[in-house]
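Notes follow once the structure below has been shown.
Every read-out reported here was derived from the displayed coordinates using simple, explicitly stated rules and does not represent laboratory data. Treat the numbers as computed from the prediction; the structure is a model and nothing was measured. Heads up, the Cβs are rebuilt from the backbone with ideal geometry, glycines too, and the neighbour counts pull from every protein chain shown.
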């Protein structure tokens, strides 16, 4: 069987190229050096409370999954993926450091709930998680897709009643889907 998630690492990020960083210009940008600026990003609006918190926490502990390509994975000990690049760009804009904590999903979620992590990237909002975590607005949209070998006649969810399929666990199941 083809390991689709490993295969996605080989695909350039073209399929998510419609995503771009866009922040609102706020305070002065005179103190930003030209090499730190990005044509799409110049500054981020932060409240005074957020600025104080960041001054007290100049290094954020951010989760890094081992195998959630192309969004958040670890390749030869280096945090990689779209979400990692997004976090690195955000950290550069607001002037903080990032310490990535790598591990398995369940272990990292437990660390976030126990306040051993400051940021969880690419996490689905659920009522149970909302009891412990604070969410921001989404920075990307991820459509669920079915990938098959060429020549398969899969056209909709009903087409999946015949072939064998595999799902990565844990799966967030939607009633009536499977």
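What shape does region 40-97 have by the C-alpha gyration tensor, where a ≥ b ≥ c are the square roots of the eigenvalues, rounded means a/c under 1.5, and otherwise prolate means a/b greater than b/c and oblate the rest?
Taking the square roots of the gyration eigenvalues as a ≥ b ≥ c, region 40-97 is prolate.
Note the full-extension length gain between residue 142 and residue 61 as 0.36 nm times their separation in residues minus their Cα-Cα distance, in nm to one decimal.
My answer for the length gained is 26.8 nm.
Rounded to two decimals, what is Rg over Rh for region 72-118 when you use alpha-carbon atoms and the Kirkwood radius?
Ratio value, two decimals: 0.98.
If R0 is 30 Å, what FRET efficiency do you get for residue 115 and residue 45 from their C-beta distance, rounded to 0.05?
FRET efficiency, residue 115 to residue 45: 0.70.
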